[in-house]
1. In segment 118-135, is there at least one residue being of a type in the set (S, T, Y), more than 23 Å from the chain's Cα centre (by Cα) and at pLDDT below 90?
2. Please tell me if M103 is under 13 Å from the mean Cα position of the chain (by Cα) and buried (at least 24 other Cβ atoms within 10 Å of the Cβ).
3. Looking only at helices (runs of 4 or more DSSP H) that fall completely inside segment 192-284, which ones have 2 or more residues that are surrounded by 15 or more Cβ atoms within 10 Å (Cβ to Cβ), modelled with pLDDT under 85 and in the same structural domain as V379 (by TED's automatic domain parsing)?
4. Which of the residues that make up segment 56-83 are buried (at least 21 other Cβ atoms within 10 Å of the Cβ) and either in contact with a His (Cβ under 9 Å, 6 or more places away or on another chain) or without any contact (Cβ under 8 Å) to a residue 12 or more places away in the chain (or both)?
5. Does L53 fit the bill of being without any contact (Cβ under 8 Å) to a residue 40 or more places away in the chain and either of a type in the set (D, E, K, R) or over 18 Å from S169 (Cβ atoms) (or both)?
6. Looking at segment 311-320, can you tell me whether even one residue there is touching a residue at least 12 places away in the same chain (Cβ under 8 Å), part of a helix (DSSP H, G or I), under 25 Å from I119 (Cα atoms) and in the same structural domain as W405 (by TED's automatic domain parsing)?
7. Taking segment 57-91 as the region of interest, how many residues are closer than 26 Å to I157 by Cα, part of a helix (DSSP H, G or I) and at pLDDT 85 or above?
8. Can you name the residue in segment 147-191 that is among the small types (G, A, S) and assigned to a helix (DSSP H, G or I) and, of all such residues, is farthest from H208 (Cα to Cα)?
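The values are calculated or read from the model by the stated rules, or taken from the named source; none is laboratory data. Because the structure is a prediction, the values reported are computed rather than measured. Cβ coordinates were reconstructed from backbone atoms using ideal geometry, including for glycine residues, and neighbour counts include every protein chain displayed.
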Amino acid sequence: MVEREQVVVTFACCLGPLACGFALAYNLTKNPAELLEPQWGAWRTYVHFIGCLSGGFFSGFVSNYGRKVVVLVASAPLALSWLFVIFATQVWMVFLFHAVSGMCTGMIMVVVQVYVAEISVPKLRGAVSTAPLLAFQVGSLLCFLLGEILVWKDLAIVGVCVTLPVFVSVVLCMPESPRFLIHEQPGHALSTLQWLRGTENDVMEEYHDISDSTHIDRWNVECEDLIRPTFWRPLLISCGLMFLYNMTGVASFTLYGMELFAEVSSAYINVAHFVVTAVLIIAITLSALLVDHIGRKLLLLLSLTIMAASAFVLGLFLFLKDLHKVDSYFVYQWVAEVFCVVLFTFAHGSGVGPIAWITMGEIFSPQYKWLGVSMASMVLWSSMLAVDVLFHKIRVAVATGGIFWFHCVVCVGGYIFVLVCFRELKEQRLDTITKAFIRKHENLIETFIARI
């Protein structure tokens, strides 16, 4: 049974990711043609992702000052940045919006993910931890829908209205994380934990587990700590999943999906974003229902298997089309290609996508969490930027089919990575997860020597 208080808190803190999703979708949907020349269109996306990268870099550091405080503080410039678009008269104002909104997105997404993992009960942590990503996609879908009927300035006004409720929800409904309060106000941490779990439940065992971390200095990370298994093993897993999040090809499939719809009519270019986002929402919802029952690892392996098959088949279709220099190698090939795009997107949204975020929030110990989540977030946004920048360049070099075969190879490599390195985290307490990474050898060097 999910406690009512936890549902309210999760909904409140997920309004931040919803606003972030709206901002990112605005970047993809609307182009202020009166201000920006066509050659500047791609740079809007680059600036936004660079902003996300910088926000992700600082996210772990600022989270040590309080999860609630960071979400509240980051929401203010996110809301105000929309004013640069509403009153934009110069190109730099549009780019400033994308830079600021990107930085706030990078911070909010990471901190909310950590917060949700910290307030969740172990048996439901996987399902609840999908909520921020689901809210992000809902915000994107909302922007795509409204973008069909509103001009860019009117849509920016809606963006302000979407972002402003974050302040009210955070102030009124979102308590600080008990795992943060245990270092600052131990008594308040107990009362907050009791409120989250319900007054009828005994929380003393969980509170004592959290209290064991009070002796940890969250700021004191030395060089020798970075080679200890309690840091580098979780970092390897989290960064590996964030790398797979993008390099398996979800952005490439979306971009190619846009081309498929554009071939039918230029009016349907944005439909690709709508279809992909709608499929992702359905897939993430399914993932939330399954992740705490069948486990993270099995869901990841199934996801990567379907993604690899979809990428290979789509690459084969495009290779045959390029080889014979025809628009379509067989009748209704475009239907088969659309099916591959949808199937890949569904597999990504039900496995790799949400579990990469879930793992980032739950896998790091309190001492290294601020550093680990920052590094994992940087891997995510830098790889996303790389795929966006290199898609068309790689396409010219190896043809479209080659791109999807490359993603197929990455999926196969990801399958091996998950099979060998990933540790099942289902229904484990956060403190138990940390202890599970301690093995016979104390650091990376000793492990490497032992393997040799």
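1. No, segment 118-135 contains no residue that is of a type in the set (S, T, Y), more than 23 Å from the chain's Cα centre (by Cα) and at pLDDT below 90.
2. Working: under 13 Å from the mean Cα position of the chain (by Cα): no; buried (at least 24 other Cβ atoms within 10 Å of the Cβ): yes.
Spelling it out, it is not the case that M103 is under 13 Å from the mean Cα position of the chain (by Cα) and buried (at least 24 other Cβ atoms within 10 Å of the Cβ).
3. The qualifying helices (runs of 4 or more DSSP H) are 229-247, 250-264.
4. S81
5. No.
6. no
7. Number of matching residues: 19.
8. G147
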